[in-house]
Amino acid sequence: MNAFEKIKKGLGEAIAYGQGTLNAKTTKLSVAPLHRFEPYEIRQIRVNTGLTQAVFAKYMGVSVKTVEAWESGRNHPEGAACRLLSLTKKDPAFPKKSGIIY
């Protein structure tokens, strides 16, 4: 099938979809819920990476005070920080493998 035939076929499918005579192909994805990390878990993740609070804070994109607050239980990470913590918990080498820490 040459380029013209592929374009013609695609346009035909688009018209059929628009008219409701062709169902679109769909993929269903699920997203794992955010894990709520306890202070001891956050400290253990950091210790497993071998990073100080200061370097871990830079890695996470937060202040050292924030890491201190997480580890003491005064505050809890949310959103993207929880996703990054999950990745790091699963693989303590992730900060270096990802190129964030070098």
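Where a number appears in this text, it was derived from the coordinates with a stated rule and is not lab data. A quick note: this is a predicted structure, and the numbers were derived from the prediction, not measured. Reconstructed Cβ throughout: ideal geometry from the backbone, glycine too, with neighbour counts over all protein chains shown.
Points to keep in mind about this one:
- Members of region 1-38 that are in contact with a Cys (Cβ under 9 Å, 6 or more places away or on another chain) and in a helix (DSSP H, G or I): none
- Every residue from region 1-28 that is surrounded by fewer than 10 Cβ atoms within 10 Å (Cβ to Cβ) and of a type in the set (Ser, Thr, Tyr): Thr21, Thr26, Thr27
- Sole residue being in contact with a Lys or Arg (Cβ under 9 Å, 6 or more places away or on another chain), surrounded by 11 or more Cβ atoms within 10 Å (Cβ to Cβ) and either over 30 Å from Ala14 (Cα atoms) or of a type outside the set (Phe, Trp, Tyr) (or both), chosen from Ala57, Ala81, Ala93, Ala69: Ala57
- Looking only at region 46-60, and only at residues there that are polar (S, T, N, Q) and in a helix (DSSP H, G or I), the one that is farthest from Pro95 (Cα to Cα): Gln53
- Checking each residue of region 24-41 against the condition of being closer than 30 Å to Gly12 by Cβ, without any contact (Cβ under 8 Å) to a residue 12 or more places away in the chain and touching a helix residue (DSSP H, G or I) at 6+ places or on another chain (Cβ under 7 Å) gives at least one match.
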